[in-house]
Amino acid sequence: QVQVVESGGGLVQPGGSLRLSCTASGALFGSFDINWYRQAPGKQREFVAGITDNGLTNVAAFVKGRNAISKDNAKDTASLEIDKMKPEDTAVYYCNLVMGQQDYWGQGTQVTVSS
């Protein structure tokens with residue numbers, strides 16, 4: 001059974017940086033595309049950034065220029081960094097592993113941007 005776990009959420013100051021990590025057990029991590037999504041209160045879940053199994057990246061417009069996404073297949077870990085955090089970045093952030101019809105989600109980690 002594949003288990004996906006996010007970590008690194010919490011309270012972030014406006015203008016500060018966020019670093020989230022995603023680990024997965026029970027999966028060949030390097031074979032999966034890794035995506036990050038977020039869901040703010042009262043809003044639909046939205047795509048934030050993704051990295052394919054061979055390292056190609058894609059990011060949403062609202063984080064372009066202030067983010068970094070990476071993964072370490074040897075450590076079965078992916079990371080998402082977002083700089084210059086804004087109050088509107090407040091959301092639950094989710095890690096998603098996809099390979100064909102295999103689609104796994106973590107429970108999410110709350111990120112609150114507030115002073």
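The values are calculated or read from the model by the stated rules, or taken from the named source; none is laboratory data. As the structure is a prediction and not an experimental result, all values here were calculated from the model. FYI the Cβ positions are ideal-geometry reconstructions off the backbone, even for glycines, and counts take in every protein chain you see. Remember, those area values only see protein heavy atoms, side chains included, never the ligands or the DNA or RNA. Shrake-Rupley method; radii C 1.70, N 1.55, O 1.52, S 1.80 Å.
How about segment 70-84: which of its residues are assigned to a strand (DSSP E or B) and either of a type outside the set (Ser, Thr, Tyr) or open to solvent by 30 Å² or more (accessible area, probe 1.4 Å) (or both)? If the condition is that a residue be assigned to a strand (DSSP E or B) and either of a type outside the set (Ser, Thr, Tyr) or open to solvent by 30 Å² or more (accessible area, probe 1.4 Å) (or both), then Ser70, Lys71, Asp72, Thr77, Ala78, Leu80, Glu81, Ile82 are the ones that fit. Scanning segment 48-102 for residues that are modelled with pLDDT under 95, among the acidic types (Asp, Glu) and on the phi < 0 side of the Ramachandran plot turns up Asp53, Asp72. Restricted to segment 36-69, and to residues that are of a type in the set (Ser, Thr, Tyr) and farther than 17 Å from Gly9 by Cα, which residue is least open to solvent (accessible area, probe 1.4 Å)? Applying the filter and picking the extreme gives Thr52. Residue pairs whose Cβ atoms lie under 8 Å apart, sitting 6 or more positions apart in sequence or on different chains, and linking a residue in segment 91-115 that is in contact (Cβ under 8 Å) with a residue 60 or more places away in the chain and farther than 11 Å from Gly8 by Cα to a partner that is open to solvent by 30 Å² or more (accessible area, probe 1.4 Å) and of a type in the set (Lys, Arg), are Tyr94/Arg45; Val113/Lys86. In segment 34-46, the residues that are modelled with pLDDT of 95 or more form Cβ pairs under 9 Å with partners that are surrounded by 14 or more Cβ atoms within 10 Å (Cβ to Cβ) and acidic (Asp, Glu), at six or more places apart or across chains, as follows: Ile34/Asp53; Trp36/Glu6; Arg38/Asp89; Ala40/Asp89. Going by the structure shown, is Asn54 assigned to a strand (DSSP E or B), of a type outside the set (D, E, K, R), farther than 17 Å from Val4 by Cα and without any contact (Cβ under 8 Å) to a residue 24 or more places away in the chain? Criteria not met by Asn54.
Scan segment 88-109 for residues that are closer than 15 Å to Arg45 by Cα, open to solvent by 40 Å² or more (accessible area, probe 1.4 Å), in contact with an Asp or Glu (Cβ under 9 Å, 6 or more places away or on another chain) and in a strand (DSSP E or B) and report the count. Here the count works out to 0.
Restricting attention to segment 1-34, which residues are in a helix (DSSP H, G or I) and either surrounded by fewer than 16 Cβ atoms within 10 Å (Cβ to Cβ) or small (Gly, Ala, Ser) (or both)?
Keep residues of segment 1-34 that are in a helix (DSSP H, G or I), which gives 29-31.
Passing the criteria: Gly30, Ser31.
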